[in-house]
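In what follows, a structure is listed as C-alpha cells, so that the remarks can point back to it.
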Protein chains: 2
Amino acid sequence: VSESALIERIARTSARRPGTLIGIGDDAAVIETGGPVVVSHDMLVEDVHFRRATTGPRDLGAKALAVNLSDLAAMGAVPVAAVVGLGLPPGYAAGGDADALQEGIEETAAAHGLTVAGGDVSAAPVLVVGVTVIGRPVAGVAPVTRAGGRAGDLLVVTGALGASAAGLELLERPDLLPGLPARDALVAAHRRPEPRLAAGRALAAGGARAMMDVSDGLVIDAGRLAVASGLRATLSLDAVPVADGVAAVAAPRGVDAAALAATGGEDFELLAALPPGRLAEVRRRCDLPLTVVGELSEGEPGAELRDGAGARVDLERTGWEHRV
Amino acid sequence: VSESALIERIARTSARRPGTLIGIGDDAAVIETGGPVVVSHDMLVEDVHFRRATTGPRDLGAKALAVNLSDLAAMGAVPVAAVVGLGLPPGYAAGGDADALQEGIEETAAAHGLTVAGGDVSAAPVLVVGVTVIGRPVAGVAPVTRAGGRAGDLLVVTGALGASAAGLELLERPDLLPGLPARDALVAAHRRPEPRLAAGRALAAGGARAMMDVSDGLVIDAGRLAVASGLRATLSLDAVPVADGVAAVAAPRGVDAAALAATGGEDFELLAALPPGRLAEVRRRCDLPLTVVGELSEGEPGAELRDGAGARVDLERTGWEHRV
C-alpha cells in the first residue's frame, strides 16, 4: 500500500514532456520518437555503485538518470523518456528518502527535457535504482558506436578529467583540504555528473567515427573503444586534461594528477575518435573544450598510456583506482 | 572481470532478431519499431517476488521476461526488444546460475521474436532482475489503456485463473496431492507463465476499450481497471474460469476454488472491457477462451465480487492471499 502511494506521488511529480503519449499508471508507457529508438539501461546498487553515507537520495536520483543519459550522449542521441525501477530498503519510502530520490530524478529529467514515463517499485534489502532511458537520434545523424574508429583518428575528450574521483576523496575524508577553492566543484562532479548531451550531438554531427562516455576511467574506456574498432589507442599522459583542484587532492596520496585523471573514472565526459580534419569544425560546434589525448593506429587492439618522454606508464603504479 | 566475461557470454547467446539495429556491447542499443514504442519495466527481487528455493534460474529468467511481455500484451502491442539489468549475489555468476538465467531469458525472447539488446550486470546482495521491454503497436490499432472502459462494457478474461497460486502451493508443499493429474500444468503456470500476446492483439483489434493483465488477482486488478475508467466493476464469482486442478489444491485449505481463482494472482491472463456487441467477433479472433466475468457500470469506482445468490463476497474471508 505504501508502494502504491509512492507511485501516485511519483506520477504526480513527474511532468509529461513532448514525446510521451501515455505515461505513468498503465501497464506500459507509449513513447513517440519519430524514428529509431536509442535505449540504455543501468542498474545502481547500494554499496556497489554508491554509498548512502556519501550520496544522499536527491543526488542519487539525479545521478542515476544522468549516468544513463551519458550513454545516450555517447551515441549522439536526444533523450525522450525514461522508466525507473526502484528497489527500496525498509523504511526508505516512509522516511521521505524515496520522495527525495524522485525529486532528484525529476530534476535531471526536467533539465534535459525527458519524461519519467513509468517503472516499478519494490521492496529490496538494499537500495537499487534501475534506469532505462529512451532517446532518438538527431535527424540525419546515425548513432555513433564504439566500433567505427579508423587508424589515424584523433582521440578527443570533452571537458576535464579526475574531478569525480577527487570529489569522492573529499567526501570520504571531510577534513582534507578544507580551504580548497575547487572543493564544491569537485564534490558536485562526483554527486551530480552532467551528461554531455549537447557535446555528444556536436561530435556526432561533426563526424566522430566512434564515441563512448568515460565511466571507468580514460585508459580503460579508450581500450574498449580501441578493441571495438579493432585498433590500438595510444594515449599521452601529458595531454590528459586535468580538472581544477585534482592536483591538490592527488598530492597527499603521492599520486600524479594526470594519472588520477586518466584512471579515476565516473567523469562521464565523452571520448571520441575523430578524423584530424574535422577537429576545428567540431570545436566550433561543441559547448565544451575538446582535448586531443591520443590517436588510433593499427596494432594489437587495446590502449596504452605514454609519458612525456614516450615511456609506457604502468597503470598499476598510479596508486589510484576506481572505487565506490 | 567475471562480469565482463558474463556479458560476453550473454552477447554471444542472445540472437539479434528483426528491429534491433545495434545490440549488446555499445553504450546504448538502437531499435527500429516503425512508429511509437510501447515500454514497460519490472524489477524482480529475490525473497520479494520469488524464492530461489521454488524458482530455478532458468525458470526465473524465462518468467522475468514473460511477466514484462504480459504488460505489452495488455496494451495489444508486439515485442521488439528488451534490455536487462542483473544484480547478482556472490557466486551466482561463477556457479553457472547466471548462464542458466540468461538461457531462460533467451528462451522467452526466442519464443516471442524479440532481441535482448542490452543491459547491465552488477554485484548485489540478493538476486535482482530488472527487465525493460520495448514493443510496437499493431499498425492501425492504438495501444489499449486501462482507462477507456464504458458503462455497459463486459469484463472478459482470457484462459483460466488460479493455476499459478495452486502451482506455488504445490511447490511449497511437495507432499501434497502427489497423484494430481494437473500437477505439472499448475506448477508450470507458476514457473513459466505465458504472456498472452496474440490474445492481447486480438482483443485490441477487436474493440477492447480497456485492458490490463491479471497479476495481483482478478478482483484487485478489475478494481484498478474500473478506477482508471471511473466506473464500478461487478464480478460474478460463479463466472470465474477456474483452471483444472485448482479445486483439488484449494480443498485441503478449506478454500473455495473460484475464490482462489479470483484472488490468487500471477496468472498473467488478460482482463478486458469489451462492448457486448464485439464479444462474438473477438472470440473468433482470439486463440484463448474468453469468459465474461462481470461488467462495468456507473457507480463508486472500484470492484466488487458477488456470489450466485447476488450476495457480496468479502475477500478477507477467502483464506488465500497473493504470496511470493
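Observations on the structure shown:
- Failed criterion for B:D42 (all others in (1) facing another protein chain (nearest Cβ under 8 Å); (2) acidic (D, E); (3) closer than 24 Å to A:S229 by Cα hold): (3)
- If the condition is being in contact (Cβ under 8 Å) with a residue 12 or more places away in the chain, of a type in the set (A, V, I, L, M) and assigned to a helix (DSSP H, G or I), then region A:77-115 contributes A:A98, A:A100, A:L101, A:I105, A:A109, A:A110.
- So B:V240, is it in contact with a helix residue (DSSP H, G or I) (Cβ under 9 Å, 6 or more places away or on another chain), more than 14 Å from chain A (Cβ to nearest Cβ), under 23 Å from B:A151 (Cα atoms) and surrounded by 24 or more Cβ atoms within 10 Å (Cβ to Cβ): yes
- Residues of region B:136-189 classified as within 14 Å of another protein chain (Cβ to nearest Cβ) and over 20 Å from the mean Cα position of the chain (by Cα), total: 4
- When region A:39-88 is limited to residues that are open to solvent by less than 20 Å² (accessible area, probe 1.4 Å) and at pLDDT below 95, the one that is nearest to the chain's Cα centre (by Cα) turns out to be A:F50.
- Criterion: out of contact with any strand residue (DSSP E or B) (no Cβ under 8 Å at 6 or more places or on another chain), of a type in the set (A, V, I, L, M, F, W, C) and modelled with pLDDT of 95 or more - qualifying residue of A:A204, A:A198: A:A198
- Considering residues of region B:1-23 that are crowded, with 21+ Cβ neighbours inside 10 Å and of a type outside the set (S, T, Y) only, the residue nearest to the other protein chains (Cβ to nearest Cβ): B:I22
- Test: B:L180 is open to solvent by 10 Å² or more (accessible area, probe 1.4 Å) and out of contact with any Leu (no Cβ under 6 Å at 6 or more places or on another chain): yes
- Under the condition of being in contact with a strand residue (DSSP E or B) (Cβ under 8 Å, 6 or more places away or on another chain) and modelled with pLDDT of 95 or more, the residues counted in region A:138-169 number 20.
- Here A:A117, A:A110, A:A124 are screened, and the one residue that is over 29 Å from A:L274 (Cβ atoms), within 10 Å of chain B (Cβ to nearest Cβ), at pLDDT 95 or above and in contact with a Lys or Arg (Cβ under 9 Å, 6 or more places away or on another chain) is A:A117.
- Some residue of region A:213-226 being open to solvent by 10 Å² or more (accessible area, probe 1.4 Å) and either free of Cβ contacts under 8 Å to residues at least 24 places away in the same chain or more than 25 Å from A:L168 (Cβ to Cβ) (or both): no
- Matching residues in region B:273-309 - criterion: being outside any helix (DSSP H, G or I) and of a type in the set (A, V, I, L, M, F, W, C): B:A273, B:L274, B:C286, B:L288, B:L290, B:V292, B:V293, B:L296, B:A303, B:L305, B:A309
- Listed conditions (1) part of a strand (DSSP E or B); (2) in contact (Cβ under 8 Å) with a residue 40 or more places away in the chain; (3) within 28 Å of B:S122 (Cα to Cα) are all met by A:D120, apart from (2).
- The criterion of at least 2 residues that are under 30 Å from B:P174 (Cα atoms) and in contact (Cβ under 8 Å) with a residue 12 or more places away in the chain is met by the following strands (runs of 3 or more DSSP E) wholly inside region B:1-76: B:37-45.
The values are calculated or read from the model by the stated rules, or taken from the named source; none is laboratory data. Quick caveat, the model's predicted, so the values are computed rather than measured. Positions of Cβ are backbone-derived with ideal geometry, glycine not excepted, and every protein chain shown enters the neighbour counts. Side chains included, ligands, DNA and RNA excluded: accessible areas come from the protein's heavy atoms. Shrake-Rupley method; radii C 1.70, N 1.55, O 1.52, S 1.80 Å.
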